[in-house]
Amino acid sequence: GLSTPVMGDYTGDQIDDVAFAGDLQGDIWRFDLTGAIADWKAELFFRSSNPGDRPVTVMPRLFADPIGGGLVVVFGTGKYLAAADNVIDGSTKVQAVYGIRDSGVAGQAVVVEGSSATPLVQQTLSEISAIRGLTTNAVPIKNSSGVLNRGWYFNLLVMDGASQTNKGERVVVDATSLSDTNRAVITTLIPQDNDPCDPAPRGAVMFVDAATGGAAMGTDFGVSTGWGTGVFQTGALVTNPPTGGFLPVATAVGGGRVYLPGLKLKDSIVTPSAGAPIWRRRSWRVLNNEQ
């Protein structure tokens, strides 16, 4: 059950050096493609704490790691392949989004979810009036015990008192890369449990800082109050999200804004968007007919 692999080039020579892919057990595999073909290696890169509870069916995405160097492998978990995947009940597992650091060499220690030997910094998801927020905890190179931080994660878990309001939320769409700002656009699906009166799927879209897993700057989905300390807007609930493939992004002419065509904010006809760099002319060449 291997997912679509993503390829990465560490040396900038237009030849891929590494590939990553997930599987239905929730593992991520690293394929070292350096050297001769006979020297290529396949290694376990990330291992789920409960195999099978958090399957990976999407293609991971690679982002630059400005903190530790190398790359950050970003992926979400969840499955939407069989009829049973649309059933939400007491056995439905909480899914998550991860960003795992890769140093660029083979033989790294396998990141085991929940292990103190390969720690991950947790961000926390919040929701107020259909607008979502994330903490912005730092992800330094090492933790307070001097152990290398191997990345970050946040659970797709929104609570209202003792009840979960987003039960069954999962990631079944490849993350979208906004490489100019190192942001990942995470699109989720919340199945409606075969309700004939409300058959349309629901979900959420979130703009995430790929280096930390926290809320990305430039995200504004409206006025909201009551966020906890260190929590900032990251996204919002949407209607009719895709249930596979990837989510395209459109940029306004001249920059300044990116839009997510095809999605609509919950209870609104507004297309989700977020801030983006403005395009500026850096140079030009004068053309005329003088000899």
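The values are calculated or read from the model by the stated rules, or taken from the named source; none is laboratory data. For clarity, every value in this text was computed on a predicted model and none was experimentally measured. We place every Cβ from the backbone using ideal geometry, glycine too, and count neighbours over all the protein chains shown. Calculation scope for accessible area: heavy atoms of the full protein, side chains included, ligands and nucleic acids excluded. Shrake-Rupley method; radii C 1.70, N 1.55, O 1.52, S 1.80 Å.
Label N143 and L157 with points 7 Å out from Cα along Cα→Cβ: what is the distance between them in nm?
The modelled label-to-label distance comes out at 1.6 nm.
For the chain, set up a Gaussian network in which alpha carbons nearer than 10 Å are linked by springs, and say which option among A38, A21, A210 fluctuates the most.
Highest fluctuation of the listed residues: A38.
Under 5 Å between amide H atoms, partner at least 5 residues away or on a different chain: which partners does Q192 have, H built in plane at 1.01 Å?
Amide H neighbours of Q192, under 5 Å, 5+ apart: R202.
Could you compute how fast the chain diffuses translationally, taking Rh as the Kirkwood radius over C-alpha pairs and applying Stokes-Einstein at 4 °C with viscosity 1.567 mPa s? Give it in µm² per second. Don't skip to the answer; put the middle values down first.
Numbers: Rh = 20.1 Å.
Result for D is 65 µm²/s.
Could you tell me which of rounded, prolate or oblate describes the range 1-62, using a ≥ b ≥ c as the square roots of the eigenvalues of the alpha-carbon gyration tensor, with rounded for a/c under 1.5 and, failing that, prolate when a/b is larger than b/c and oblate otherwise? Write out the running numbers ahead of the final one.
Values: a/c = 2.91, a/b = 1.98, b/c = 1.47.
Because a/c hits 1.5 or more and a/b exceeds b/c, the range 1-62 counts as prolate.
How many nm is it between the label spots at V105 and K266, if each spot is 7 Å from the Cα in line with the beta carbon?
Here the modelled spin labels are 4.7 nm apart.
Once the Cβ-Cβ distance between N288 and K41 is put in as r, and R0 is 45 Å, what FRET efficiency do you end up with, to the nearest 0.05?
0.20
For the range 1-136, report the convex hull volume of the alpha-carbon atoms normalised per residue, in Å³, without decimals.
Given the Cα convex hull of the range 1-136, per-residue volume reads 147 Å³.
Read phi for every residue in the range 228-234 and hand back ³J(HN,Hα) as whole Hz from Karplus 6.51 cos²θ - 1.76 cosθ + 1.60, θ = phi - 60°, with x for Gly and Pro.
Running phi through 6.51 cos²θ - 1.76 cosθ + 1.60 with θ = phi - 60° gives x, 4, x, 9, 10, 4, 10 Hz.
Short version: ³J(HN,Hα) in whole Hz for each residue of the range 218-226, in order, from phi by Karplus 6.51 cos²θ - 1.76 cosθ + 1.60 (θ = phi - 60°), x for Gly and Pro, what are they?
Rounded to whole hertz, the list is x, 9, 8, 10, x, 6, 8, 10, x.
Provide the net charge surrounding V58, with neighbours chosen by a C-beta distance below 15 Å and charges set as Lys +1, Arg +1, Asp -1, Glu -1. Mind showing how you got there, number by number?
On the way: positive: R54, R61, K79, R170; negative: D23, D27, D85, E169, D174.
Charge balance in the 15 Å sphere: -1.
Quick one: how many Å² of Y80 are accessible to a 1.4 Å probe, rounded to 10?
Approximately 80 Å² of Y80 is accessible to the 1.4 Å probe.
Give me, ordered by chain and number, the residues 5 or more places off R132 or on other chains with an amide H under 5 Å from its own placed amide H.
T234, G235, A236, L237
For D27, tell me the accessible area in Å² from a 1.4 Å probe, rounded to the nearest 10.
Per-residue accessible area (D27): approximately 20 Å².
Of the residues A162, A200, A216, which exhibits the maximal mean-square fluctuation in a Gaussian network model of the chain defined by a 10 Å Cα contact cut-off?
Among A162, A200, A216, the largest GNM mean-square fluctuation belongs to A162.
I want to verify a result. In a Gaussian network model of the chain, Cα cutoff 10 Å, which of these has the top mean-square fluctuation: D65, D220, D39?
Answer for the Gaussian network model of the chain: D39.
Quick query: amide H of K264 versus all other amide H atoms, modeled in the peptide plane; which residues come in under 5 Å with a sequence gap of 5 or more or a different chain?
It is T239, by chain and number.
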